[in-house]
1. Determine which single condition Leu65 fails, assuming it passes every other condition in (1) more than 23 Å from Met211 (Cβ to Cβ); (2) in a loop (DSSP other than H, G, I, E, B); (3) more than 16 Å from the ligand (Cβ to nearest atom).
2. Of (1) modelled with pLDDT under 95; (2) not in a loop (DSSP other than H, G, I, E, B), Ile345 satisfies all except one. Which?
3. So, Arg317, is that one surrounded by fewer than 22 Cβ atoms within 10 Å (Cβ to Cβ), within 15 Å of Val385 (Cα to Cα) and within 19 Å of the chain's Cα centre (by Cα) or not?
4. When you go through Asn328, Asn363 one by one, which is the residue that is away from the ligand (no atom under 16 Å from the Cβ), at negative phi and either in contact with a helix residue (DSSP H, G or I) (Cβ under 8 Å, 6 or more places away or on another chain) or assigned to a loop (DSSP other than H, G, I, E, B) (or both)?
5. Scan segment 276-291 for residues that are outside any loop (DSSP other than H, G, I, E, B) and more than 18 Å from Ser243 (Cα to Cα) and jot them down.
6. Report those helices (runs of 4 or more DSSP H) wholly inside segment 93-194 carrying at least 2 residues which are more than 16 Å from the ligand (Cβ to nearest atom).
7. Checking Ala269 against (1) farther than 17 Å from Ser101 by Cβ; (2) small (Gly, Ala, Ser); (3) not in a helix (DSSP H, G or I), which test does it fail?
8. Please count how many residues of segment 1-41 are in a loop (DSSP other than H, G, I, E, B), closer than 15 Å to Met369 by Cα and within 16 Å of the ligand (Cβ to nearest atom).
Amino acid sequence: WWTHVEPAPRDPILGVTENFLKDSHPSKMNVGVGAYRNNEGKPVVLECVRKAEAKIAGSDLMEYLPMGGNVKFNDLSVQLAYGENAECLESKRVASIQALSGTGACRLLAEFQKRFQPDSQILIPVPTWANHHNIWKDAHVKAQTYRYYDPKTKGLDFSGLVEDIKNAPSGSFVLLHACAHNPTGVDPTAEQWREISAVMKKKEHFAFFDMAYQGFASGDCEKDAQAIRIFMEDGHQIGCAQSFAKNMGLYGQRIGCLSIITDDQTQAATVKTQLQLICRPMYSNPPVHGALIVQTILSNPELKQLWLQEVKGMADRIISMRHALRENLEKAGSQLSWQHITNQIGMFCYSGMTPEQVDRLTNEYHVYMTRNGRISMAGVTTKNVEYLANAIHEVTK
Ligand code: LMR
């Protein structure tokens with residue numbers, strides 16, 4: 001039956017971890033996958049999560065959730081994205097559904113797009129998180145790209161972006177990273193978001209925000225939602241994928257939310273039934289535990305406050321590692337400019353290293369990262385930053 005099946009290519013991100021685990025060198029470093037580590041290089045369970053777990057221990061955890069998931073969780077999740085007093089929430093015109101983290105939310109949206117806007121295409125930034133391409137491909141949605149990053153300035157290619165969005169057929173879906181763009185760490189300014197929003201309004205494009213890092217860009221969840229808020233002010237009916245993997249450290253719980261702003265309450269309810277119809281034959285209904293943790297944290301003022309402090313703590317540690325990496329590269333005598341390390345934001349540094357330089361970093365220095373030159377700053381610590389800087393200096397001389 002299966003002799004014709006060829007091995008699938010290794011995943012460009014998760015494959016890095018597979019290689020890292022096989023290496024027994026004592027100095028090995030994993031700066032591949034975007035998963036937060038403390039300064040000891042260890043995964044972190046947030047204190048607010050521990051406290052929430054203690055509160056829910058022994059509760060009725062094992063029942064099925066409805067197809068759309070935990071309704072209280074969905075409500076709290078969209079409040080975080082759109083703002084507590086958002087008009088679209090007050091008028092109940094947001095369809096929201098619990099999703100298997102950000103990936104699952106994007107996949108549901110892509111499927112919904114294919115069913116109900118079958119001729120539309122998705123516009124994907126260059127570069128983007130590698131899995132975005134797979135998600136829309138598997139949903140059989142036609143994909144095009146738009147310019148985003150300029151390797152020369154190591155910043156945003158704003159004019160290229162605007163031009164490509166203007167030239168796309170009206171009614172295109174545009175995939176936007178709400179904050180802390182993965183992999184570049186380069187976000188538009190508020191002013192630039194306003195311009196992008198205006199162009200998209202004119203072209204009647206649909207804005208779909210992937211918000212995997214709320215809180216990680218600035219340490220402030222409200223500020224990190226500024227792009228979404230600007231689009232809402234301009235009257236866009238956006239869609240949004242939220243993930244609590246990074247900002248609550250709930251990676252393996254697969255907890256996220258897909259929401260779509262609609263015309264009114266009736267339409268929101270209708271859209272939700274169709275989203276549920278996509279879930280039912282695929283996985284029936286989502287898991288319980290992660291949603292309950294997030295619900296417990298977001299509905300309890302004390303726990304929410306603790307969470308906000310802890311997100312800020314993670315974001316601040318990453319920012320301090322950006323400075324340390326840059327300083328160590330300069331100390332090592334690198335003649336190149338590393339200013340972009342501290343200019344970029346979020347979990348990643350898009351270093352500008354070539355795939356060949358990355359290969360040398362891995363083969364000669366046991367530093368594991370994606371071949372596009374992305375460094376997960378979350379894996380950098382005060383103990384390994386000098387080693388990393390020296391290794392980068394050696395391969396970029
Ligand atoms: C990443 O970009 O490293 C993360 O979003 C993890 C993943 O699933 O790829």
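1. (1)
2. (2)
3. Numbers: surrounded by fewer than 22 Cβ atoms within 10 Å (Cβ to Cβ): yes; within 15 Å of Val385 (Cα to Cα): yes; within 19 Å of the chain's Cα centre (by Cα): yes.
It is true that Arg317 is surrounded by fewer than 22 Cβ atoms within 10 Å (Cβ to Cβ), within 15 Å of Val385 (Cα to Cα) and within 19 Å of the chain's Cα centre (by Cα).
4. Values: Asn363 fails: either in contact with a helix residue (DSSP H, G or I) (Cβ under 8 Å, 6 or more places away or on another chain) or assigned to a loop (DSSP other than H, G, I, E, B) (or both).
Every option except Asn328 fails the conditions.
5. Narrowing segment 276-291 to residues outside any loop (DSSP other than H, G, I, E, B): 276-282, 289-291.
The answer is Gln276, Leu277, Ile278, Arg280, Pro281, Met282.
6. Numbers: elements: 101-116, 130-138, 158-167.
Once the helices (runs of 4 or more DSSP H) in segment 93-194 are filtered for at least 2 residues that are more than 16 Å from the ligand (Cβ to nearest atom), what remains is 101-116, 158-167.
7. Going through (1) farther than 17 Å from Ser101 by Cβ; (2) small (Gly, Ala, Ser); (3) not in a helix (DSSP H, G or I) one by one, Ala269 breaks only (3).
8. Count: 10.
The values are calculated or read from the model by the stated rules, or taken from the named source; none is laboratory data. Worth saying up front: this structure is predicted, and the values here are computed from it rather than measured. Positions of Cβ are generated from backbone atoms using ideal geometry, with glycine treated the same way; all protein chains shown enter the neighbour counts.
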